[in-house]
């Protein structure tokens, strides 16, 4: 399957919501309980972190983005990453292509570590992240209640570049 990876635009928001909403409404993959509005999605996309889209002939196949890891200032060189793929485009290399480009852009922006939180169990996501070079750093036990039960969340980390004794400020250049 051929597809393009490009910077996401606000025009992609309806397609992103179409991919994301079933995860919110029907699974513990996302701990949100109500899908975000178009306005909320636009605000998220304007965060200064990269948002990427995979498309084929105008059809959105998936998207990936970076977001703030934590609020405290000392965390500013770390970033959380997320990828979602349309059910009809799974296992076709879309997530790998999105993450590869996203991780490169985050490295260029000056981030040192990428983190992915995965609601467990989720063998597919764990296997994917580990194949991308992430390693398990810890599990929060029974941290979220959704779909009638408690869920653990595992945290995976990937070093984007070696630590520096004098890191420059990360650049936020991909905001809309």
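Coordinate-derived values only; no laboratory data. Source: prediction; values computed, not measured.
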Per-residue [θ]222 nm for the chain (sum of -39500 (n - 2.57) over DSSP H runs n ≥ 4, rounded to 500) = -8000 deg cm²/dmol
Could you pull the Cα extents of the stretch 75-176 along its three principal axes, largest to smallest, in whole Å?
-> 45, 32, 28
Binned Cα-Cα distances of the chain, short to long, each 10 Å bin given as a whole percent | 9, 37, 40, 13, 1
Compute the length gained on full extension between residue 47 and residue 150: take 0.36 nm times their separation in residues and subtract their Cα-Cα distance, giving the result in nm to one decimal.
-> 34.0 nm
The relative contact order of the chain, taking Cα pairs under 8 Å that sit 6 or more residues apart, comes to a percentage of 23 percent
Would you kindly compute the Cα radius of gyration of the stretch 120-160 and its largest Cα-Cα separation (Dmax), both in Å?
-> 11.4, 37
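If the viscosity is 1.306 mPa s and the temperature 10 °C, what Stokes-Einstein diffusion coefficient in µm²/s follows for the stretch 17-58 when Rh is the Kirkwood radius over Cα pairs?
Numbers: Rh = 11.8 Å.
For these conditions, the coefficient is 135 µm²/s.
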To the nearest whole percent, what portion of all C-alpha pairs in the stretch 1-90 is separated by more than 16 angstrom?
-> 56 percent
Computed over the stretch 55-128, the ratio Rg/Rh where both radii use C-alpha atoms and Rh is Kirkwood = 1.01
